[in-house]
Structure formats: structure tokens, C-alpha cells
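Read-outs throughout are calculated quantities, based only on the coordinates presented, and are distinct from any laboratory measurement. Bear in mind the structure is a predicted one, so any value in this text is a computation, not a measurement. Ideal geometry is used to build each Cβ from the backbone, glycine not excepted, and the neighbour counts take in all protein chains shown.
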Amino acid sequence: MSQERAVPASAVPLEELSSWPEELCRRELPSVLPRLLSMYQHSDNWIEHIQILKIIVEMFLPHMNHLTLEQTFFSQALPKTVKLFDDMMYELTSQARGLSSHNLEIQTTLRNILQTMVQLLAALTGCVQHVCATQESIILENIHSLPSSVLHVIKSTFVHCKDSESVYSGHLHLVSDLLQALFKEAYSLQKQLMELLDMVCMDPLLDENDDILNMVIVIHSLLDICSVISSMDHAFHANTWKFIIKQSLKHQSVIKSQLKHGDIISSLCEDILFSFHSCLQLAEQMTQSDVQDNADYRLFQKTLKLCRFFANSLLHYTKEFLPLLSDSCCTLHQLYLQIHSKFPPSLYAARISKAQQEEIAGTFLVTLDPLISQLLTFQPFVQVVLDSKLQLPCELQLSQCLLLVVIMDKLPSQPEDVQALWCTESQLSEAATRVSLLKAVFCSFEQCAGELSLPVHLQGVKSKGQAEVAVTLYQHVCVHLCTFIASFHPSLFPELDVALLDAVLSANMITSLLAMDAWCFLSRYGTAELCAHHVTIVAHLIKSCPGECYQLTNLSILLRRLFFFMAPPQQVEFIQKFSPKAAENLPLWQCISLQALPTELRKQAAHEVTRVGIAQCQEWLSSSRTLGELESLNTPLSALLAVCNSASEAGDIAQQTMIMEIGSHLWAFLNTKLVTCQPYVQQTLSLLLPLLGFFVRALDPHLISQVVTLQTSLLKLEPPDHVCLAVLDFVSSLGKFFMPQAFQDKILPSLSSIFAFLLADSNWIVEQHTLEAFTQFAEGTNHEEIVPQCLCSEDTRNKVISFLEKTGFEDETAAARVERVKQEKGIFRDHFAQVAVEAAKGSPLQPYAKRARQEFPLEEEYRSALQAASGALDAVESLLQKSPAPDWLLRKMETLQERIEELKRRVL
């Protein structure tokens, strides 16, 4: 030993140092370590680097003071170690593309580099193990260079392994054994590091120090590693996430303000979606495969459990850090929508078996429900979900609707302030405006037209003693909406009224219908006084409408429905308040079905409405009869028709006779040209035809002949759909009428041509009503000979046969129908987006509205006079073609020309 000591310890060769006994290493540590560190810093040889590092770690590290490891070793050696590793990785990547089985030199070089890297990782593992073995509680500041260096090396290793297929250009098999060894060593190193970090102790009383910063860096570095290994090793990936969540919560009190919560939430959501998509792909493969593979099913279950793990991790993290997650609400919202958009009943869902659907829903989707419960009280989440400018792609619209329904279900158990948060509108700034939950439900529901038309089906509610029945989207939303309304807090009723009324007035029919159903439920669920109050409000709204519009139509339907729910005492009050004796109330009584009234009240109301309606029509007929005032008859005619349809038994014979006489007299004012030119005359015709059809058995055959002739001429000019529907209403009633022999030759051919023309109509509404009207006529008529004459083509015959047999015309598969609906959704979405943009610019796509008629009270008279003058000129032109003109004609025409010039100057 004395000979060994003759040589200074600092000059001993590396080979000899590696054989020193433990006691000698401990004793010579102060003199040898500086020399080794110096050699390590200045050496340019990778092999020598690793040799020195291994000697330090294996021979001298166990004898260093654990409190001074950072100063004496880690801070001096590890930066150089990281640089060494990066240099090797660069060299490895640079030469990897030249790898081939023929180039043995590059193959040897690459394998040597990989072996050296494995040794470097092993040395770092030794450092981590030593710290774990010598300390029970670790202060991160005392070793802060170690975690950062190790994490850098680990991430670089995993990235290289992940990209190895492309890096080694198809020759991966030549180095795959060493790459596997490198991955295993990095895997082991990370496990050791996580054990070390689990021993870290931080002072919760310190608001900010280097320990906090170091721990935050560690967590974010592990987060980066997670994104790399997500597709490489699922179990390792999950364990890394488990550690991140555990450390975040363990040190929550000191690091919560430093963590990048948005990055953590975003990464978790990405991993959830990735795992979920993998799960769906496996389920889809199993559904499409005829052979049941147990290995595939086990992999499916394993992936599904991974989905649940990530979802639970998100749930746990969200619960603990909710106040700090304002910026993550959009991500969480999108996560929910994306998941449900890929799952039935979405049109964009994967095609998977019912068994797999139930398994995914019961294992994974159930974890999203408590997530929504946690976010329910969080104002930023409310803002995101109810954002007035929320524009979702077609595939997410149903998911949004279902999310809003889930929220509705949860709100009744929440305090009033939380309900108010969701159910009231708010404007935080010019850019941030949110709508109320109810308005959002109606808007979202409106965007699901495709799902409503198919229709898609959702899981129904189990009734006691009965099997569960799937329900349509409409039923699902309607039932949950009504349930929500039943539990609505009284202080929020004004918001409910506004939302329901806005939706009723919607231009979208299905949205308006949903609001009406909800309103009717509210009226039935509430008191008789509440129902009467609603009826009164709607009645006043109808009376205040300035003219015909779709809003008036919607309100009229609502009034008709609500009136059935009124209690008799309230109906009496309504009749007193809006007396049918007053002509000004006819706009209301034309909407009401008198079947809603008790027998005596029905007779009284029917008599009074009929009397007032007849009086107004007679007054018009006995007056100057200007065509411009014909519009004023539409309301009394509509009221008379309403009485005939809903209380015909209540009217007396004299009144019915007077209605027929009025119809006959009014018909004399109608002609084809007038009907095609004037919308209000079209409405008059649309009321007269069903009114005459109601008394068809008592009509004069001459009048029927005139009506059928006008209808035939009118159809050739392609009138609006509502006129076609009125024509159908009348001709279908002719099945009850036996035509005298003298009129058959004139009426029956016209009747068959009407049916033939409308059966060939391309409009599906007209087509459907024509089939119904033709069937009704054919079943009742005594003139069976004209029925075949109406079926003038093979297509028409097939159409009628399919209708009678209740079979479809189109041979469209379920899959093709779904694809068609998806395309239609895209077209509608683009159209409405364009409309919104143009509206924002103030340039409507529709033509400018005509001037209000009130500006020109005699406008219709002007039109009628000019039409008469034009007709007179047509007649003169026809006479000139038949015979020479008389001498005085030219002089008269010149006089007329002078008068026209004078009138033109007065117009200007």
C-alpha cells in the first residue's frame, strides 16, 4: 500500500482507479474528484467521458456528502453529460440514413454510439438511485441539476425511439436490439426519477422559491414526455400521467399559481380523445369482422380502461384546480362535444355493436357526467357554452344540444344563483355576450334539422313494469325541457316567458313547435289562472300584429292549442273580454276551435261569430264593392270557415244558407288574372274554396262548374302552393257531389286534368296533399270513370299505388340516407352562415320589401283601373285584326293619348 501511495492520487490512471477499494475511494475523494471532473470537462473522447462518469458514479458518489451533491458534482458534471448526449444523438441521427446491411462501417459506428448512450443512461440511473438510497426526504434545490438533466435525456431518447422507423429508413432491424435496450434504460431511469421526486418535500409556507420553480419545471417536462410516449407504451404513459396528477395535487398549495394548467388540461384532453378514437376503431373492427377475436376484445377493454383512467384524472385535476381553469373551459367544452359526436346517436358516429356501445357508455362516458357537474357553477364555462357567437361545425351540433339537455337536468338541484347564472343573458364586454340556457336550447335544437328528419333515436326512460323504448330527438328534448320548466325557480319566470315567446315567433317551424309544446305543458302544469293569463297575452299579441306574417301564424296556432286547456270559468271570462259579437275580435276567433268550448258556450260563440262574419261580408257586397277592399273580407271569411270546421252543428240553417249565398256572390268577383296578380285575392280564394267545399252538396252545379273552370285555368299559370292546396281542398270534397248529367261533360274532364296536373307536381307538400285529396275523392265519388283518367302516366299510377300501399318511392339505404342528411346539414349551415354575415353587413340577401300599403291607400284601385285600361286596349287590338277601323277611332285614340300625357305629368 505504501507503494500505491508513492504515486499521487491525482496521477493514478483511470484503469487503476476503477479497481480501488471502497475505503481508499472515500479517503482520496477530496483529491481525486477535482481531477476526474476536470478530465471530464476537457475530454473530447466519448468513450473516455463515459468511463470517467461511471468511475465517479460507481466509485466516489457513495462517499460524497448528500447535502453538497449539487455543488460538488451535479452542477459541474451534468451539463457536460447533457451536451455529450445531445452530440451523440446528433451524430446518430445524421448518419442513420446511410445505414444498410452493406455498409458495415456506418453500422458499427451507429451501434457503438447506441451502446455508449445506454451506458450514459445507466450512469444517470446510478445517480438517481444513490440519491433515493441516501435520503428519506429530499429538498429539490439540493439536487436540482439532476432532474432537469435526466428529463432532457429521457425525452430525447423517447423521441428518437418514436421516430426510429423514419430515421433509419427501413433498416431499423440492424440496430433494433440496441434501440430496445436504450428504451428500456430510459424507461428504468424515468421510473427511478419518479421515485426520487416522490420523496421531495416542499414547505407550504413559502409562496415562491427555487424549489417551487424546479418542481413546476419537472412537471411540465414530464408533460412533454407524455405527449411523446402516448402511442409507444400505454401503461407507461398512464403511470406518467398518474405521477403528474399526484405531484400537482401533493404540492398544490405552493405550485398552483405557477403551473400551466391550460397545457395540462389540453394534453389530458388530447390523450382522452386519442384513446377514445382507438377504442372506437377497435369496436368498429370487431363489429365488421365475422370472426370473434378474443385478443381484439381484450385490447378493446384495455383501451377502454385507459379512457376511463384519463377521464378520472381529468375529473380529479379539474375538481382541485377549478378556479384556475378559466382558459381551459373551451377545451373542456370541445372535449365533451367531440366525444359525443363520435358516439351514437350522432350521424358521424362509428358503426359499432349495441354491446360495445353499452360497454363504452357504462365504463367511460359516465365519467363525463360528474365533470359537467363540477363545471356547472363555473362562470367561464357558462360563458363558453352559452356564447352568443358560438359557431359549431355540423358534426358537433347534436352534441351541443345534448349537452344543454344534460345541464337542464342538473340545474334544478342547484341553488338559485347558479340557476340564474345559466338562465339569464349577460354581456361581459362587446365581444363576450352569452344567451340564456333556454334560448341556447332552442337555437341548438334548430341546428339539428337533419337528426330530427331521420330521425335519430336516444335512450328512453324506463317506466315501471315496462320495457325501455327509444325516443326521437324531438321527444327527448321536449320531455327534458318540460321537466326543467316544472322545476323552474319562480324568480326566473320572466326569462322563461321571453325565451318561449322568442322561440314561438321563430321562422323555423320545428323550433316554434317545440316552444308551443313546452308552453302548452306549462299551461297544463300551472294553475287555471296562469293558463288564462297566457291565453290573454297571446290574444293581445295577435290583435297587435300589423298584417299577415309567419309570426302571426305561429301565435294563432298557439292560441288555438292553449284555448283547449282553459277551464270553463276562464273561457267565459275570455268570451266577455274578447266578445265574438265585436268585429274587432274576429282575428282571434278565426284562430280558435270552438270544440274547446262546452256545448252551450260553443253554440253561443258559433252563432255570434257567424252573425258578425256574415254582416261584414254583406256590408261589403252592398257597398261600392271596390276590389281594393276585398282584402278586408279575409278575416270574416276565415272566421266563418273556422266555425264551419269546428262547430258546424252549432250553426242554424238560415246562417248556413247565407254563408253559401255570400260565397256565390263573392265568386263573381274573382278571375284568373286578378288571382295571379294579387296576393290578398289569392288568400280570399284560399278561404272561399274550402268554405264552398263545406257546403258542396248544396251548391248550384253552375257555380261548381265556374269554380272548376277557374281552377283549371289558374293551375296552368303555376300559382303559389297555398292556392294549390286550397284547390285540392275543394276538389276532394267533390267526391260527395253527384253531378247532374248536363254538367258532367264540362266538369269531369276539368276535374281529371286538375288531379293529373297536381299529382305530377314536384313539390313534396303539394304531392302529399294531392295523394290524400285524390284518395278521398276516389273513395267517395259516384263518377268512378274519371279516376283512371287522372292517372295519365306510369309514374303517376306507381305513385298512387305506393301511397295506398304505404310503401316508399325511393330505394334509399339507411347508410345512404344518413350521408344525404349530413350533406344537407353542411349546405344549410353554409347558407345560414352567409345570411348571418350579410345581415351583419346590413345587406340582406332577400329582395327589398315592397312599400307599405298604408302609404298608398288606393294602390289596389290604381292597379285595377290600369288593368281595365289594358284590357280595353287588348280588345281594340283584337277588333282591328277582325275588321277595318271606323273613321272616328283615330281621333278618339289621340284624345286618349293627350289624357295619358296629362296624367303622366301629374304623376311626375
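A few notes on this one:
- Around SER230: net Lys/Arg minus Asp/Glu count, Cβ-Cβ under 10 Å: -2
- Lys, Arg +1 and Asp, Glu -1 on Cβ, resulting dipole of the chain about Cα centre, debye, nearest 20: 1380
- Taking the charge dipole of the chain about its Cα centre, with +1 at Lys and Arg Cβ atoms and -1 at Asp and Glu Cβ atoms, the residue from ALA295, LEU375, CYS790 reaching farthest to the positive side is CYS790.
- Sorted largest first, the spans of the alpha carbon positions of segment 77-168 along the three principal axes are 53, 20, 19 Å.
- Seen against the Cα atoms of the chain and their longest principal axis, helix 764-780 is set at about 50 degrees.
- Across LYS260/LYS305; LYS302/LYS825; LYS162/LYS305; LYS80/LYS191; LYS673/LYS825, pairs whose alpha-carbon gap is larger than 30 Å: LYS302/LYS825; LYS673/LYS825
- Between 0 and 90°, nearest 10: helix 75-96 axis offset from the chain longest Cα axis: 60
- Seen against the Cα atoms of the chain and their longest principal axis, helix 741-759 is set at about 10 degrees.
- Close amide H partners of ILE138, meaning residues 5 or more places away or on another chain with modelled amide H under 5 Å apart, are VAL200, CYS201.
- The GluC sites (Glu not before Pro) of segment 355-448 that DSSP puts in a loop, and whose beta carbon has at most 14 other beta carbons within 10 Å, are GLU430.
- Partner aspartates and glutamates whose Cα lies under 15 Å from the Cα of LYS799, excluding those fewer than 8 positions away in the same chain, are identified as ASP761, GLU767, GLU772, GLU810, ASP811.
- Positive-end residue of LEU666, HIS702, SER732, charge dipole of segment 651-772 with Cβ unit charges: HIS702
- Shape call, segment 631-713: gyration tensor on alpha carbons, a/c limit 1.5: oblate
- Cross-link pairs exceeding 26 Å in C-alpha to C-alpha distance, out of LYS577/LYS603; LYS543/LYS581; LYS54/LYS250; LYS246/LYS389; LYS581/LYS736; LYS354/LYS806, comprise LYS54/LYS250; LYS246/LYS389; LYS581/LYS736; LYS354/LYS806.
- In the chain, a dipole from Cβ-located charges (positive for Lys and Arg, negative for Asp and Glu) runs towards its positive end, and of ILE557, ALA654, CYS423 it is ALA654 whose Cα lies farthest in that direction.
- The chain: relative contact order as a whole-number percent, Cα under 8 Å and 6+ apart: 5
- For segment 376-526, size of Cβ-based charge dipole, Lys and Arg +1, Asp and Glu -1, in debye: 360
- For ASP502, ASP163, order by how many other beta-carbon atoms lie within 10 Å, fewest first: ASP163, ASP502
- Ordering 329-336, 210-217, 570-577 by mean Cβ neighbour count within 10 Å, with the highest value first, yields 329-336, 210-217, 570-577.
- Judged by the mean number of other Cβ atoms found within 10 Å, the most tightly packed of the peptides 274-283, 68-77 leads the ranking 274-283, 68-77.
- Rh by Kirkwood over Cα pairs, then Stokes-Einstein D for the chain at 1.002 mPa s and 20 °C, µm²/s: 60
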